[in-house]
Amino acid sequence: MKTSAKVLALLAALALSTSVWAQTRKFPDQSKLGWLAVSVFPIASIDGNPARFAAGGRIFDTNNRLMIPATLRGSVAVRYELDQAGQIRRAWILQQAEIEAAQR
């Protein structure tokens, strides 16, 4: 393969990969907007109210990667989903644009 063809293939792959990241995330209909603070996992608070993560509860960062709860500092805006026992099943840390869209 010629060098120019390799460069074109690389540019096409790069363009496709950035368009995937530019897509907006979809959240479950039953998810709620709130402010999450984790003290000592699984103990947390949502909007200042005591909460607890369910067994297997997950936190996703702004790029949809799993987060280690101990790395979460302070209070962050999230969409969260509760299980049947009222414990946090999943939480997604929101980007600024997602916060603004949720508040409309």
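Throughout, read-outs are computed from the coordinates displayed, never taken from laboratory work. In this text, all values refer to a predicted model and were calculated from it rather than measured experimentally. Glycine gets a Cβ as well: all are built from the backbone with ideal geometry, and neighbour counts include every protein chain shown.
Extension gain K32-R73, at 0.36 nm per residue separation less the Cα-Cα distance, in nm?
12.7 nm
Among N64, A44, Q84, whose Cα sits farthest toward the positive end of the charge dipole of the range 24-84 (+1 at Cβ of Lys/Arg, -1 at Cβ of Asp/Glu, about the Cα centre)?
With unit charges placed on the Cβ atoms, the residue in question is N64.
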